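The values are calculated or read from the model by the stated rules, or taken from the named source; none is laboratory data. Bear in mind that the values here come from a model prediction, so they are computed numbers and not experimental data. As a convention, Cβ positions derive from the backbone with ideal geometry for all residues, glycine included, and neighbour counts pool all protein chains shown. To get the accessible areas, we keep the full protein, side chains included, count just its heavy atoms, and leave off ligands, DNA and RNA. Shrake-Rupley method; radii C 1.70, N 1.55, O 1.52, S 1.80 Å.
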Amino acid sequence: MNTEILAALTVFVLAILCGFAVISKVPATLHTPLMSGANSIHGIVLVGSMLIAATATDVLSQVLSLVAVAFATMNVVGGYVVTDRMLQMFRKKPTSPKPAEKGEA
Amino acid sequence: MDAIEVLVRIAWLIGAASFVLGLMRMNSPATARNGNLLSAGGMAIAIGGTAVLLAVNGSASATGWIIIVVGIAIGGGAGLYTARTVKMTAMPQLVSLFNAVGGGAAALIAIDDYLRLASEGASIALQISIPTVLDILIGSITFTGSLIASGKLMGVISGKPIVLPGGRLITLAIVLVAAAGSIYLWTGAVSVPVMFLILAAALVFGVTMVLPIGGADMPVVISLLNSFTGTAVAMAGFVIGNDVLIIAGALVGASGAILTKLMADAMNRSVLSIMLGGFGGGEGTVGATTATGGSVRELGLDDAAIQLAYASSVIIVPGYGLAVAQAQHACRELGELLESRGVDVKYAIHPVAGRMPGHMNVLLAEANVPYPQLKEMEEINPEFDRADVALVVGANDVTNPAARKPGSPVSGMPILDVDHAKAIIVIKRSMGRGYAGIDNELYGNPKTGMLFADAKAGLADLVNAVKAL
C-alpha cells in the first residue's frame with residue numbers, strides 16, 4: 001500500500017461520513033427531488049469518462065469511452081434539468097414561504 | 001504538478017464542495033432549488049476544468065476530442081430532450097433511466113481500464129483489481145436493474161412481481177460465478193474472459209434482482225440503485241485515481257443509503273424485506289386478500305355534487321389515478337369552486353401517494369394549489385373525524401383500512417384515515433386493484449359512494465354539476 005491509495009481511502013471514508021451527515025430529517029415531499037438531485041451528482045463520472053476518452057487508442061477503447069461519455073452526459077444534463085423541473089413546483093408563491101425553515105438546514 | 005493541474009484540481013475540489021453544500025440545501029423546501037443549482041454549478045466547473053486540463057496539457061488525441069465532443073452532444077441532447085419533455089407523471093422512470101446510464105458509464109470506465117492494463121501484459125495490483133471488479137459488478141447491476149425498474153414504472157414490463165421458475169437457483173448460480181471470478185482476479189491473475197464473465201453475471205443479476213419486486217416498491221429500489229451507482233462511481237475514482245469521483249460517488253452512495261431508509265420507513269417497510277421479498281422470501285402474504293364484503297354503492301354525479309357543495313369541510317385525497325389522468329388542474333378548479341362556496345378544502349397527502357414520495361405535492365403545486373392547503377398524513381389524519389366528505393381521487397392502497405389489520409400485503413403501512421369521514425366519495429375508473437394487488441375494504445363501506453369515471457373527466461363533471469346547483 002502506497003501513500004496515494006491511503007490518501008484516496010481517507011477521502012473515501014470521510015466522504016461517506018459526509019454523505020450520512022448531509023441527509024437529516026427530510027420532509028417526504030422532498031424525497032423524490034433529493035433522490036433525483038443525488039442522482040445527478042454521480043454524473044461526475046463524466047470527468048472520468050472524458051479522461052479515458054482522451055487517451056483511447058484502439059477502436060474498442062474508443063467505442064467504450066464514447067458510450068461512457070454519452071451515458072455520463074445524459075446522467076448529468078438530464079438529472080439536473082429534471083430535478084430543477086421538480087423543484088420549480090415549489091417556487092415561492094405569494095402565500096407560502098416561511099424563512100424560519102432556513103435555520104435548521 | 002504544473003500550475004494548470006493545480007488549478008484543475010482546485011476546480012474539482014470546488015465541484016466536490018458544492019455537491020455537499022447543494023445536497024444539504026436540498027433538505028428543506030425553501031432552499032432546495034437553490035441547492036440543486038449550486039450542485040449543477042459545481043458540476044459545470046468540474047467538467048469545464050477537466051476540458052481545460054485536457055486542452056492545455058495536450059494529453060487528448062484528436063480522436064479523443066472527437067469522442068468527447070460527439071459523446072457530450074449525443075448524451076446532452078438526449079438528456080436535455082427527455083428531461084424537458086417528460087410528463088410529470090413519468091419523472092420517476094426517467095430518474096431511473098438516468099441512474100442506469102450513470103451506472104453504465106462507471107462500469108465502462110473499469111472495463112476500459114482493465115482491457116488496457118491487460119493488453120500491457122503486466123500483473124495488476126490488488127489496489128486496482130479490487131475497485132475494478134467492484135465497479136464492474138455494482139455498475140452493471142445498477143445498469144440493468146435500473147432499466148428494469150424504469151420499464152416496470154413505464155408499464156413496458158409488468159409491475160407485478162415476476163418470479164422466474166427456479167429464479168432463486170439462477171440467482172445463486174450467478175452469485176457463485178461472479179464471486180469465483182472476482183476472487184480469481186484478486187489473486188493476481190489477469191484474464192479478460194473472466195472479466196467479461198463477471199460483467200455478464202452482474203448484468204443478469206441486475207435483472208433477476210429487480211424483476212421479482214412489485215411495482216409498489218420501485219421508489220425504494222430506485223433509491224437503492226441510485227446509492228449503488230454512487231458507490232460504483234467512487235470505485236471508478238479508485239480505478240483511475242481521481243479524487244472528485246471518489247468524493248462525489250461516496251457522497252451519493254452514503255446519502256442515497258440514508259434516503260432509501262427514509263423512503264422505506266415512510267412505507268413502513270424494511271429495505272431488506274423489499275429486496276428479499278423480491279427473491280421469493282416474502283410472497284406468503286400475497287394472495288391472502290380480504291374480501292371486499294358488502295356491496296359497493298354507486299353514486300350519481302348530482303348526488304356527489306350536492307354532498308360536496310353543502311359540506312362544511314372536504315378533504316381531497318389525491319393518488320396515482322390523478323397523476324395518470326393529469327387531473328391536477330381539474331382538481332384545483334373543484335377545490336377553488338368549493339372554497340368560493342365557503343367549504344373548507346384541504347388536501348391529504350400520503351407520503352407514498354402516486355409512484356414516488358412527494359409526487360402529489362409536485363403535481364398539485366404545478367396546478368397552483370396553495371401550499372398551505374396540502375397536509376401531510378400525520379397532520380390531516382385527526383381531521384378526518386370532523387370532515388363531512390373525503391373525496392378520494394385515484395388513490396387506493398393508501399386508503400385501505402385493511403392495513404390496520406395483520407395478514408394483508410399492506411398490513412402495517414400507515415394509511416390515511418379516510419373511513420373516519422362522515423361520507424366518502426371515491427372517483428375511480430373501475431373496481432380495479434391498486435399496486436398492492438388487493439381489494440380495498442373502503443369501497444364496501446356503507447358510507448362510501450363510488451363515482452366511476454376517469455379522474456379528469458369525473459372532476460370536470462363534478463365542477464359543472466356543482467356550478468349548476
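Numbers below:
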read-out: Top-ranked residue in the stretch B:95-118 [being within 7 Å of chain A (Cβ to nearest Cβ) and touching a Phe, Trp or Tyr at 6+ places or on another chain (Cβ under 6 Å); ranked as farthest from B:Asn242 (Cα to Cα)]; value: B:Val101
read-out: First in the stretch B:219-240 and within 7 Å of chain A (Cβ to nearest Cβ) and touching a residue at least 12 places away in the same chain (Cβ under 8 Å), second anywhere and of a type in the set (D, E, K, R) and in a helix (DSSP H, G or I), Cβ under 6 Å, 6 or more apart; value: B:Ala236/B:Asp135
read-out: Restricting the stretch B:302-321 to residues that are hydrophobic (A, V, I, L, M, F, W, C) and farther than 16 Å from B:Val369 by Cβ, the residue that is most open to solvent (accessible area, probe 1.4 Å); value: B:Ile306
read-out: Pick from the stretch B:11-68, criterion more than 32 Å from the chain's Cα centre (by Cα) and outside any helix (DSSP H, G or I), ranking: surrounded by the most Cβ atoms within 10 Å (Cβ to Cβ); value: B:Ala60
read-out: Selection status of B:Gly121, more than 22 Å from A:His42 (Cβ to Cβ) and surrounded by fewer than 17 Cβ atoms within 10 Å (Cβ to Cβ); value: yes
read-out: Filter result for the condition that a residue is touching a residue at least 12 places away in the same chain (Cβ under 8 Å), of a type in the set (A, V, I, L, M) and open to solvent by 60 Å² or more (accessible area, probe 1.4 Å), over B:Leu197, B:Leu185; value: B:Leu197
read-out: Residues within the stretch B:336-372 that are open to solvent by 40 Å² or more (accessible area, probe 1.4 Å), within 8 Å of another protein chain (Cβ to nearest Cβ) and in a helix (DSSP H, G or I), tallied; value: 3
read-out: Only listed residue being among the small types (Gly, Ala, Ser) and over 27 Å from the mean Cα position of the chain (by Cα), chosen from B:Ala455, B:Ala395, B:Ala402, B:Ala387; value: B:Ala387
read-out: Qualifying strands (runs of 3 or more DSSP E) (wholly inside the stretch B:383-456; at least 3 residues being without any contact (Cβ under 8 Å) to a residue 60 or more places away in the chain and closer than 23 Å to B:Ser313 by Cα); value: none
read-out: Close pairs from the stretch B:143-158: first surrounded by fewer than 24 Cβ atoms within 10 Å (Cβ to Cβ), partner assigned to a helix (DSSP H, G or I) and of a type in the set (D, E, K, R), Cβ under 8 Å, at least 6 apart; value: B:Ser158/B:Lys152
read-out: Looking only at the stretch A:73-105, and only at residues there that are modelled with pLDDT of 95 or more and of a type outside the set (A, V, I, L, M, F, W, C), the one that is surrounded by the most Cβ atoms within 10 Å (Cβ to Cβ); value: A:Asn75
read-out: Every residue from the stretch A:15-49 that is more than 27 Å from B:Ala107 (Cα to Cα) and open to solvent by less than 10 Å² (accessible area, probe 1.4 Å); value: A:Thr29, A:Leu30
